[in-house]
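> First the structure, which I've put down as structure tokens, then a few questions once you've had a look.
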Amino acid sequence: MDAVLHTSAALAAIIAIYLFGSPTEPRLAHRLLAAVFGLFAVQQILTSLVLIDAASAWVWWRPVLAMLMPPLIYLHLRAVTHPETKLKWPDLAHLAAPAGLLLLRIVQTGGPYLDAAIISSLGFYSVFAFLRISAPTPGTRRWKLAICGWLLAMAIADLLVMVELFDRTRLDQSRSLIVVISGFFIFLIYFLLTSLHRTGPLSWIVTRIRRDSRSADSVASRLEQHMAAARPWLDADLTVARLARQLSLPQRVVSETVNDRFGTSVSRWINGWRITEAQRLMAAAPERPLVELMLDCGFQTRSNFNKAFKDVAGETPSAWRKRNSAPSSAQTA
């Protein structure tokens, strides 16, 4: 068992170094995953010290370091699904649980609460990541399911070990621990070998992200060209389903592309084209009645026009026209 733990630690460290130095995008996601495997390497060493009852001060930190893994895995998943997102100060909130456990360790040296806290953290982040993180492409959705499943599997594995230890089984005699360590050892070998040969889960997700990104760029370009050339937004009844049919694309693809590439909803994006046209018409003919103008832009009612205009431009059509026609009026006077 001791040899397996030390070998697993070495493999996890190699994977961490490999991921940290990977030049492929998304780099932040790779480095966060590298930190996870680095923690795994440390955990394996600390577990080996626990099994031989080594009185090392480093063993004291084992539960606290384990609590760092779930938030790091969550941040890795977020970086994969949304590569444009960077780490910010509010992300430090994810350190609250490890910090809380650290303080609790200082007050109370040990007990079942340590395992319970780690299991709860793994389970929480599995559910939290599944509900909180939106995966815009098929590749990232599958990676999201894999990561959430990984977190849940670790929670179940730790729970089985904890239940077995309740029967006063020594840690070095725990069958569940042997199965967990052996399974993790096999996973590390598979992950390392496939990554070095540019196959397996890591290369798969990198390839899918690139492919999905190119596909989304192509759809976004087609959408913009179609909106500019065919001007479908002049149709007051235009919907995402109708727009998708015009381009022979699945409705879900159109919706996800607009959400991901333009950062807004489809209805707001369509209204953006209409408002741009309304502003052009108002600038060209300042005295033209707004009712006529809104009908020419694809709106059916004045209330919808006013609401959409203010939502996009930040002010009412009348205020915008008055502000933008004022200089011309002053020059004429």
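Where a number appears in this text, it was derived from the coordinates with a stated rule and is not lab data. No experiment lies behind these values; they were computed from the predicted model shown. When we count neighbours, we look across all protein chains shown, and the Cβ atoms used for this are built from the backbone with ideal geometry, even at glycine.
> Taking the Cα centre as origin and putting +1 on Lys and Arg beta-carbons and -1 on Asp and Glu beta-carbons, what dipole magnitude results for the chain, to the nearest 20 debye?
The dipole magnitude comes to about 880 debye.
> A follow-up question, please. How much length is gained if the chain between Ile106 and Leu145 is pulled fully straight, taking 0.36 nm per residue apart and subtracting their Cα-Cα distance, in nm to one decimal? Please list the in-between numbers first.
Details: separation 39, 0.36 × 39 = 14.04 nm, distance 3.62 nm.
In short, 10.4 nm is gained.
> With a sphere of radius 11 Å drawn around the Cβ of Glu315, what net charge do the other residues whose Cβ falls strictly inside it have (Lys, Arg +1; Asp, Glu -1)?
My count for the surroundings of Glu315 gives +3.
> For segment 221-332, what is the convex hull (Cα atoms) projected area averaged across all directions, in square nanometres?
Projected area, direction-averaged: 7.3 nm².
> Select from Ala66, Ala283, Ala34 the residue whose mean-square fluctuation is largest in a Gaussian network model of the chain (Cα-Cα springs shorter than 10 Å).
Comparing Ala66, Ala283, Ala34 in the GNM, the peak value goes to Ala283.
> Hey, another quick one. Counting each DSSP H run of 4 or more residues in the chain as -39500 (n - 2.57), what helix-only mean residue ellipticity at 222 nm follows after dividing by all residues, to the nearest 500 deg cm²/dmol?
On the way: 14 runs with 250 residues, N = 333.
After summing the helix terms and dividing by the residues of the chain, the value is -25500 deg cm²/dmol.
> Can you figure out the FRET efficiency of Phe262 with Ile14, using R₀ = 51 Å and their beta-carbon distance, to the nearest 0.05?
Values: r = 41 Å, r/R0 = 0.81.
Working from the Cβ atoms, E equals 0.80.
> Shifting gears a bit: Name the residue, out of Ala117, Ala135, Ala12, whose mean-square fluctuation peaks in a Gaussian network model built on the chain with Cα pairs under 10 Å.
Ala117
> Normalised by the number of residues in the chain, what is the relative contact order in percent for Cα pairs under 8 Å and 6+ residues apart?
Normalised by residue count, the contact order of the chain is 12 percent.
> In addition: Using Cα springs under 10 Å in a Gaussian network model of the chain, which residue among Arg288, Arg252, Arg78 shows the largest mean-square fluctuation?
It is Arg288.
> Residue by residue through segment 147-155, which ³J(HN,Hα) values in whole Hz follow from phi under the Karplus form 6.51 cos²θ - 1.76 cosθ + 1.60 (θ = phi - 60°), with glycine and proline marked x?
These are the phi-based 3J(HN,Hα) values: 5, 4, x, 5, 4, 5, 5, 5, 5 Hz.
> Run the quick spin-label model on Ala99 and Arg288: label points 7 Å from Cα toward the beta carbon, then report their separation in nm to one decimal.
5.8 nm
> Ok, one more. Show me, for segment 97-106, the HN-Hα J-couplings you get by feeding each phi into the Karplus relation (A = 6.51, B = -1.76, C = 1.60, θ = phi - 60°), rounded to Hz, glycine and proline as x.
Ordered by residue, 3J(HN,Hα) equals 5, x, 5, x, 5, 4, 5, 5, 5, 5 Hz.
> In whole Å, what are the extents of segment 31-113 along the principal axes defined by its C-alpha atoms, from largest to smallest?
Over segment 31-113, Cα extents along the principal axes are 46, 26, 18 Å.
> Can you work out the Karplus-derived ³J(HN,Hα) for every residue in segment 136-143? Use 6.51 cos²θ - 1.76 cosθ + 1.60 with θ = phi - 60°, whole Hz, and x for glycine or proline.
Per residue, the Karplus-derived 3J(HN,Hα) values read x, 10, x, x, 5, 5, 5, 5 Hz.
> Give me the one-decimal nm value for the distance between modelled label points at Lys322 and Asp91, 7 Å along each residue's Cα-to-Cβ direction.
Distance between the two pseudo-spin positions: 4.6 nm.
> Using 0.36 nm times the number of residues separating Ala153 and Ile52, minus their current alpha carbon distance, what extension gain do you get?
33.7 nm
> Sort out the exposed loop GluC sites (Glu not before Pro) in the chain (DSSP loop, at most 10 other Cβ within 10 Å) and tell me the longest stretch that has none.
85-286
> Continuing with this model, one more query. Please count, across the chain, the pairs of lysine residues with Cα atoms under 23 Å apart that sit 8 or more places apart or on different chains.
4
> Then there is this: For the residue pair Arg302 and Trp61, what label-to-label distance in nm results when each label sits 7 Å from Cα along the Cα-to-beta-carbon direction?
The modelled label-to-label distance comes out at 7.0 nm.
> Roughly how big is segment 221-332's charge dipole about its Cα centre, with Cβ charges of +1 (Lys, Arg) and -1 (Asp, Glu), in debye to the nearest 20?
About 100 debye.
> Using the Cα atoms of the chain, I'd like the radius of gyration and the largest Cα-Cα distance, Dmax, both in angstrom.
Values for the chain (Cα only, Rg and Dmax): 28.0, 95 Å.
> Expected output is a single nm value to one decimal: the length gained when fully extending between Leu295 and Ala313, i.e. 0.36 nm times separation in residues minus the C-alpha distance. What is it?
Computed gain between Leu295 and Ala313 is 4.7 nm.
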